[in-house]
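First up is the structure itself, then whatever we jot down about it.
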Amino acid sequence: MVPFRSQYTLFDESKKGLYGSGFSYTPYEMQLVDEENNSWEEVIGERNSARLPSFQRLDIRIGKHFSWGRTRIQTYLEAINALNRNNVFMYDWNWNDGHWEQDTITLMPFIPNFGIEVNF
């Protein structure tokens, strides 16, 4: 994680970059054993012999603080996964139209967010 923070007189701004090399995993695939009975089995590869693609994410946040008596108010606008990277969480196998397909399960997409925080 590489956090960057800068302070302006009007707004607070922060950026957070995340990078990960990708987790290792044990690959497997589905192989047809008996075509007549449509029987399949998992063929498991060597333990932790494959790696998921690298994980990269950039979060950006802009906020403004206000004071009203003893009450502090902060408004903010943020973009989670601002680059909208399809970071891979895992691979899965699904039966589709008579054959097995490997599906990619990804983590969260770009998420815009607005909020108000009140402390009193």
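Data for the structure
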read-out: Residue in the stretch 54-70 that is farther than 18 Å from L107 by Cβ, loosely packed, with under 12 Cβ neighbours inside 10 Å and among the aromatic types (F, W, Y) present; value: yes
read-out: Of all residues in the stretch 9-27 being of a type in the set (F, W, Y) and assigned to a strand (DSSP E or B), the one that is nearest to R85 (Cα to Cα); value: Y19
read-out: Test: residue in the stretch 71-90 that is surrounded by 12 or more Cβ atoms within 10 Å (Cβ to Cβ), at pLDDT below 90 and more than 14 Å from K16 (Cα to Cα); value: no
read-out: Exclusive hit being touching a residue at least 24 places away in the same chain (Cβ under 8 Å) and under 23 Å from L10 (Cα atoms), set R51, R61, R57; value: R61
read-out: Given (1) within 24 Å of F114 (Cβ to Cβ); (2) modelled with pLDDT under 90; (3) among the charged types (D, E, K, R), index of the condition D59 fails; value: (2)
read-out: Where a residue in the stretch 101-113 is farther than 9 Å from N86 by Cα and its partner, wherever it lies, is small (G, A, S) and exposed (fewer than 11 other Cβ atoms within 10 Å of the Cβ), with Cβ under 8 Å and at least six apart; value: none
read-out: Flag for V88 being in contact with a Ser or Thr (Cβ under 9 Å, 6 or more places away or on another chain) and under 19 Å from L107 (Cα atoms); value: yes
read-out: Residue that is of a type in the set (F, W, Y) and at pLDDT below 95, where the choices are F110, F114, F66; value: F66
read-out: Residue check, S14 hydroxyl-bearing (S, T, Y), under 17 Å from G115 (Cα atoms) and exposed (fewer than 10 other Cβ atoms within 10 Å of the Cβ); value: no
read-out: Some residue of the stretch 70-83 being within 21 Å of the chain's Cα centre (by Cα), more than 22 Å from E117 (Cβ to Cβ) and touching a residue at least 12 places away in the same chain (Cβ under 8 Å); value: yes
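The values are calculated or read from the model by the stated rules, or taken from the named source; none is laboratory data. The structure displayed is predicted, hence computed values, not measured ones. Every residue, glycine among them, receives a Cβ derived from its backbone with ideal geometry; neighbour counts consider all protein chains shown.
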